[in-house]
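Enquirer: One structure, pasted below without further comment.
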């Protein structure tokens, strides 16, 4: 690494890792608005601020289908700028974003560019020393959705850890959090750590992925307390109190802003016998089961990104929540526990929960509270102390 590049990276990293002196928590008093994809802005567009740091370097790129600069993929943008992309690292769902949730992603080569692709959702979820051996710098650009069990932040943490252990600086190209306008849910307990929940944060944490990277670094959450040399390329004009319509779907079963908006609550059903519409045209916009009451009916079928959906071929009754999503400006900014309570009360004799529910909730109490018939208000009250403690930590790492 050249001395000039090292100095530039070190100076920028120090600035980005310093506790934020300004920052805004989601504001309940501010009217929530939808930012259409035509107005979407993100760190990858600020090419002047990172291309210069990559010149004459061997670059690793953590990317998928969301890693775009305008209408061009980030990798193509880098190559057109004369940057040497040595290796592409890809998360869950693969480089083109077509693999099922939880499906193994294989390593290989990108057909278009011939660049080696190293899977971080196959034999390993953390870059190995062999994968990092010939890199000078790592670039990270994935569209997150701001929910603890969405695995791109887990991939981020493992990449940060590998960079720290191999003395390779990391540049994160920040992107808006489409669920950044509220904070809610139980804070993860250490005994429930997994790839769908690695850190002591609530289900909805109200930070961009760049801010989250700063927090992981600053709080010493990487293995053995290692520290990643981190640069965050920030977003111009980011509005934390907005719902963003993403220009590219972040994963196969989050096809539109309605599904992204409803995902934080509906994903709890993934730890139950209830379908969230995988295998339909409206995944994460509906929920149902053959034994639920409801006027809305759907039948899951095998589709791209959902090859073996839950309750495949079975006629499910339940709810279509599209109208609820469209009323976002009037809805409370919180997880909608009433839906889970309603479904559990109807299906509790059918073996409602799976073992996965505890990993999604991140605590041992939520399932017990639902089984004991507690109200949504009582459950939310039990989260208060944990949320307040998290907000105090979060505040130190806000960029916007």
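The values are calculated or read from the model by the stated rules, or taken from the named source; none is laboratory data. Just so it is clear, the structure is predicted and the values come from calculations on it, not from any experiment. Using ideal geometry, Cβ is built from the backbone for each residue, glycine included, and neighbour counts are taken over all protein chains shown.
Enquirer: Considering only segment 306-382, give the helices (runs of 4 or more DSSP H) lying wholly within it that have at least 1 residues that are closer than 20 Å to residue 279 by Cβ, outside the structural domain of residue 146 (by TED's automatic domain parsing) and touching a helix residue (DSSP H, G or I) at 6+ places or on another chain (Cβ under 7 Å).
Expert: Fully inside segment 306-382 and qualifying: 322-326, 337-347, 356-361.
Enquirer: Out of curiosity, is residue 294 surrounded by 17 or more Cβ atoms within 10 Å (Cβ to Cβ), part of a loop (DSSP other than H, G, I, E, B), assigned by TED's automatic domain parsing to the domain that holds residue 355 and under 21 Å from the mean Cα position of the chain (by Cα)?
Expert: No.
Enquirer: Scan segment 42-60 and give yes if some residue there is within 24 Å of the chain's Cα centre (by Cα), exposed (fewer than 14 other Cβ atoms within 10 Å of the Cβ), in a helix (DSSP H, G or I) and at pLDDT 85 or above, otherwise no.
Expert: no
Enquirer: Filtering segment 187-207 down to residues that are outside any loop (DSSP other than H, G, I, E, B) and surrounded by fewer than 16 Cβ atoms within 10 Å (Cβ to Cβ), which residue is farthest from the chain's Cα centre (by Cα)?
Expert: We begin by selecting, within segment 187-207, every residue outside any loop (DSSP other than H, G, I, E, B); these are 190-192, 194, 197, 204.
Then drop every residue that is not surrounded by fewer than 16 Cβ atoms within 10 Å (Cβ to Cβ), which leaves 190-191, 194.
On the way: 190: 20, 191: 21, 194: 14 Å.
The residue in question is 191.
Enquirer: Only one of (1) crowded, with 21+ Cβ neighbours inside 10 Å; (2) more than 22 Å from residue 156 (Cα to Cα) fails for residue 255. Which number is that?
Expert: (1)
Enquirer: When segment 313-332 is examined, which residues are found to be in contact with a strand residue (DSSP E or B) (Cβ under 9 Å, 6 or more places away or on another chain) and within 28 Å of residue 354 (Cβ to Cβ)? First the steps, then the outcome.
Expert: Applying the first criterion (in contact with a strand residue (DSSP E or B) (Cβ under 9 Å, 6 or more places away or on another chain)) to segment 313-332 yields 314-322, 328-329.
314, 315, 316, 317, 318, 319, 320, 321, 322, listed by residue number.
Enquirer: So, in segment 267-291, how many residues would count as being in contact with a strand residue (DSSP E or B) (Cβ under 8 Å, 6 or more places away or on another chain), crowded, with 24+ Cβ neighbours inside 10 Å and part of a helix (DSSP H, G or I)?
Expert: 1
Enquirer: Name the residue, out of 252, 264, that is more than 15 Å from residue 342 (Cα to Cα) and part of a loop (DSSP other than H, G, I, E, B).
Expert: Going through 252, 264 in turn, the sole match is 252.
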